Structures are given as C-alpha cells and as structure tokens.
Amino acid sequence: MSPRDLAFVGCRLLALYVFLTVVQAQISNVFFYLQALNATEATGIVHNNEYDLYFGSAFLYLGICFVLWFKAGWLAGKIAAGAKEPQGEVPVVWSRQSALAIVVIAAGLWVLILLVPNLTYVLSQLFQRGFVDFISVAYVVLAIVVGLVCVFTPQGIAGFIDRTRRW
C-alpha cells in the first residue's frame, strides 16, 4: 500500500468517524432540546437560542465529513506529496520522518475537528452578546494555530521529533 493509498483510507475512516459522532451527538441533542422545550412551555419562560448552537455545529461537522469523504483523493495527494510511490510489486519502505509527518497531519486534523464546537460557541456568543470572553477566544485561536501548523508544516515537526527522539 502506497502512502497516498494509506492517506486516502485514513481520510475516509476519519469521515466515517466524524459522521457517526455527529449522528450520536444529535440524537442526544434532540432529546435535551425537546426536554428544554417542554420545560419552557410548562414554566412560561421564553426560549432562547442557546440550543441552536448544538445544531449549528452539526452542520459544520457534516461539512467536514463531506470534504473528508468526497475530497479524500485530493487530501491524500496533499498529505503524501513528498512520499515515494511504489514501482511494481516492490514494497515501499518509509522513513521515520515520513511516517511521523503523516501522524502529525492526522493530529492536526484531529485538533481542528475537535475545535468545531468551541468555535461555534465563541461565534454564537459574539453574535448574540456582541462580545466574547478573552480566554475563550485565546483558546480557539491557539488551537487553530496548532492544528494549522501541524497540517501545513508536518515535515518540519516530524524532523524535530525525529532529531529529539534519538531513535
């Protein structure tokens, strides 16, 4: 299996995981949303839009899922850009740095995917209240930077890990 094939399979598996996570989360969200609506009708409290946050993040997750599934070939080409393709039936030998680079990219994508609920929360607070807590913004910005650095500079990070690990 070539590095590009492995990256393709990884993108598809990550898409399936994200999709299943969204389905599971939305089943719970619907239950709590309906429970909150019943409580607000019984007490006469006006419904606020804080529950819309959970449904909004589902759309972002589904967008990520569709990109990972339908653009898996393109993403695999970007992820395994520096890796050598096998010639014939000769097995490909990966260097430690190439394997580490793929792991760094996967970790960066994982961080960015896990960041979606926090990002939607910060954006909803910004639109609803007009301001957000500095700590929330700092966390989201720092996590975005870490995720993007892992995705766009995996060779440098993998080289650093390889040098400091002293294999």
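More than 30 Å from VAL22 (Cβ to Cβ), at pLDDT 80 or above and in contact with a helix residue (DSSP H, G or I) (Cβ under 8 Å, 6 or more places away or on another chain) - does that describe any residue in segment 147-155? Looking for residues that are more than 30 Å from VAL22 (Cβ to Cβ), at pLDDT 80 or above and in contact with a helix residue (DSSP H, G or I) (Cβ under 8 Å, 6 or more places away or on another chain), one finds at least one in segment 147-155, hence yes.
Within segment 126-158, the set of residues being hydroxyl-bearing (Ser, Thr, Tyr) and outside any helix (DSSP H, G or I) comprises just one member, THR153. The combined condition, being modelled with pLDDT of 80 or more, part of a helix (DSSP H, G or I), farther than 29 Å from PHE32 by Cα and of a type outside the set (Gly, Ala, Ser), is not fulfilled by TRP110. Given the structure, is LEU123 at negative phi, part of a helix (DSSP H, G or I) and under 16 Å from the mean Cα position of the chain (by Cα)? No, not satisfied. In segment 54-73, the count of residues that are at pLDDT below 80 and hydrophobic (A, V, I, L, M, F, W, C) is one or more. Quick check: anything in segment 1-18 farther than 20 Å from VAL151 by Cβ and modelled with pLDDT under 70? Scanning segment 1-18 turns up at least one residue that is farther than 20 Å from VAL151 by Cβ and modelled with pLDDT under 70.
The values are calculated or read from the model by the stated rules, or taken from the named source; none is laboratory data. Just so it is clear, the structure is predicted and the values come from calculations on it, not from any experiment. Heads up, the Cβs are rebuilt from the backbone with ideal geometry, glycines too, and the neighbour counts pull from every protein chain shown.
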